[in-house]
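Worksheet: the structure to be examined is printed underneath.
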Amino acid sequence: MTHYINEYYAGRWTPAAWKPSKQIEHCVQCHGPDDPQHAGTGMNQQQGHMECLMCHQDHTKAATSTK
């Protein structure tokens, strides 16, 4: 691990860029950006690279009634 940190600061290595899946792009638009707009509202709390829908429901889809 230390090797890659040293390589990073020496400008010889860059970590792979994370691209969210299509299923969670809408989640990361609000909960992921590290910018002043989202930091001020406390919405930039997503720091991992997990799939949101493993634990959370997709709030963009209408809830269906089971009556």
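None of the figures in this text is laboratory data; all of them are computed from the coordinates on show. In this text, all values refer to a predicted model and were calculated from it rather than measured experimentally. Please note: Cβ atoms are built from the backbone with ideal geometry, for glycine as well, and neighbour counts cover all protein chains shown.
Our summary of shape: the Cα atoms of the chain have principal axis extents of 61, 26, 17 Å, ordered from largest down, in whole angstrom.
For the pair residue 30 and residue 10, a Förster radius of 35 Å applied to the C-beta separation gives a FRET efficiency near 0.50, rounded to the nearest 0.05. Label zone (residue 22, point 7 Å along Cα-to-C-beta; backbone nitrogen cut-off 20 Å) within the range 37-54: 50-54.
Ordering 49, 1, 60 by the projection of their Cα atoms onto the charge dipole of the chain, which places +1 on the Cβ of Lys and Arg and -1 on the Cβ of Asp and Glu, puts 60 at the extreme positive end.
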